[in-house]
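The values are calculated or read from the model by the stated rules, or taken from the named source; none is laboratory data. Please read all numbers here as calculations on a predicted model, not as lab measurements. All Cβ positions, even for glycine, are placed from backbone atoms using ideal geometry, and neighbour counts span all protein chains on display. Surface accessibility is based on the protein's heavy atoms, side chains included, excluding ligands, DNA and RNA. Shrake-Rupley method; radii C 1.70, N 1.55, O 1.52, S 1.80 Å.
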Amino acid sequence: MKSLNRKGISILGATGSIGKQTLDVIRNHRDAFRLVAFSVGKNIPLARKIIEEFQPEVVSVSHREDWLSLKSEYTGNIRFVYGMDGLIEVAVHPNADILVNAILGSVGLLPTLKAIETRKRIAIANKETLVTAGHLVMTKAREFDVEIIPVDSEHSAIFQSLQGENPKEIEKIILTASGGSFRDYSREELKNVTVEEALHHPNWSMGAKITIDSATMMNKGLEVIEAHWLFHVSYDQIDVLLHRESTIHSMVSFQDKSVIAQLGTPDMRIPIQYALTYPKRFPNLSEPLDLAKLGTLHFQRMDMKRFPCLQFAYEAGRMGGTMPVVLNAANEVAVNAFLEGKIRFLEIEDWIEKMMAKHHSISEPDLDTILQVDQETRNEMNHWESIKNGR
């Protein structure tokens, strides 16, 4: 039975960066929220801590052996599930009012679609869901009258800047980008960068994959595609601006030349909390923004030749169909190969470009087609990796 005064929260990806910070928000507002279900991947020790602190009703794990282990360990009222069926069960939990999709990769797509059908608010932090199937997700959200509230700081900033505004009067959406770990490196200097260097982000504390995406600027490219679907604007209406301080999280320029922006410290708990409390605002323990202390804000135009992954994303988005699916899947495999030391940093973009050049996009793909193209792309990329590494 649902609590009368607390919203039930389900989290896909509770042990990742966004998941853990969502738990912080729930922890700080126990009178308003309760965790009813969550999923984890391999971090079972942390899953145990979450179980003991929050006492959820359903817990999903990736592997059957972990499911068997936890099921025998906890003999109370907690239900343990696993695999894709487990993710869906977490997503559609009857006592959840809000689903926080913080899972990594396109595996978050099907659970999100199922959650929409049960009319839950979707707090979306999983880029791949909108990048690969934005047309399906937004159409279904309209059909079931479901709120899709962005969690990414950039899209949250746009969402907040549009409150009370007429979307038809938008001239430009301006996404800001920190520039990532290598924003001051030349192309020549990028040839031999290490994984450790790439994971050292100047502003944000994020997971490994998104930190690498920030360094290649693919993260911003995926956000461009997300913005297209979330805010129903053309790609010609989306700009990206390099902003080193990560203080202005994004802006909206209107027809009358007014620009509305959302500012704050680089702390993901702020947009996460807003997605849970919208349209209200609750107190937050994050550090307040001190503009006097900050002093100066810097901006510069993006160089597409310096950051070709951003250009790839614009091209894939404009082409539409299954091309964004290929972009996303190729990027995931390439980034993972870099993190495992199998390819060099600049080979990430080489592999993505090669995969996109081979693909003949299929327009208006259904879910089965999206999943098939995604898997075929990953299989071919993994084949390249095997050949490169002599396996």
> So which residues in the range 106-132 are aliphatic (A, V, I, L, M), in contact (Cβ under 8 Å) with a residue 40 or more places away in the chain and more than 24 Å from P279 (Cβ to Cβ)?
Replying inline: L109, L110, L113, V131
> What number goes with the only condition from (1) over 27 Å from I9 (Cα atoms); (2) in contact with a helix residue (DSSP H, G or I) (Cβ under 6 Å, 6 or more places away or on another chain); (3) of a type in the set (G, A, S); (4) modelled with pLDDT under 95 that S186 does not pass?
Replying inline: (2)
>> Looking only at residues that are among the β-branched types (V, I, T) and over 16 Å from the mean Cα position of the chain (by Cα) in the range 128-146, which one is most open to solvent (accessible area, probe 1.4 Å)?
In response: T139
>> Out of S253, S214, S178, I need the residue that is over 16 Å from the mean Cα position of the chain (by Cα), within 28 Å of G320 (Cα to Cα), modelled with pLDDT under 90 and crowded, with 17+ Cβ neighbours inside 10 Å. Which one?
In response: S178
>> For the range 94-119, give me each residue that is open to solvent by 10 Å² or more (accessible area, probe 1.4 Å), part of a loop (DSSP other than H, G, I, E, B) and in contact with a helix residue (DSSP H, G or I) (Cβ under 9 Å, 6 or more places away or on another chain).
In response: A102, I103, L104, T118
> Just one of L104, L99, L136 is of a type in the set (A, V, I, L, M) and at pLDDT below 95; which is it?
Replying inline: L104
> Out of all the residues in the range 67-86, is one or more farther than 23 Å from N284 by Cβ, free of Cβ contacts under 8 Å to residues at least 40 places away in the same chain, surrounded by fewer than 19 Cβ atoms within 10 Å (Cβ to Cβ) and of a type in the set (D, E)?
Replying inline: yes
> Which of the residues belonging to the range 319-335 are surrounded by fewer than 21 Cβ atoms within 10 Å (Cβ to Cβ) and out of contact with any Asp or Glu (no Cβ under 9 Å at 6 or more places or on another chain)?
Replying inline: M319
> under 25 Å from A227 (Cβ atoms), in contact with a Gly (Cβ under 8 Å, 6 or more places away or on another chain) and among the aromatic types (F, W, Y): does that describe F307?
Replying inline: no
> Under the condition of being in a helix (DSSP H, G or I) and touching a residue at least 60 places away in the same chain (Cβ under 8 Å), which residue from the range 15-25 is surrounded by the most Cβ atoms within 10 Å (Cβ to Cβ)?
Replying inline: T22
>> open to solvent by 40 Å² or more (accessible area, probe 1.4 Å), in contact with a helix residue (DSSP H, G or I) (Cβ under 9 Å, 6 or more places away or on another chain) and at pLDDT below 95: which single residue out of N219, N284 fits that description?
In response: N284
> Filter the range 232-250 for residues that are buried (at least 18 other Cβ atoms within 10 Å of the Cβ) and out of contact with any helix residue (DSSP H, G or I) (no Cβ under 9 Å at 6 or more places or on another chain); which is modelled with the lowest pLDDT?
Replying inline: R244
> Of the residues D350, D374, D366, which single one is acidic (D, E) and free of Cβ contacts under 8 Å to residues at least 40 places away in the same chain?
Replying inline: D350
> For the range 357-379, what are the residues that are of a type in the set (S, T, N, Q) and either open to solvent by 80 Å² or more (accessible area, probe 1.4 Å) or touching a strand residue (DSSP E or B) at 6+ places or on another chain (Cβ under 6 Å) (or both)?
Replying inline: S363, Q372, Q375, N379
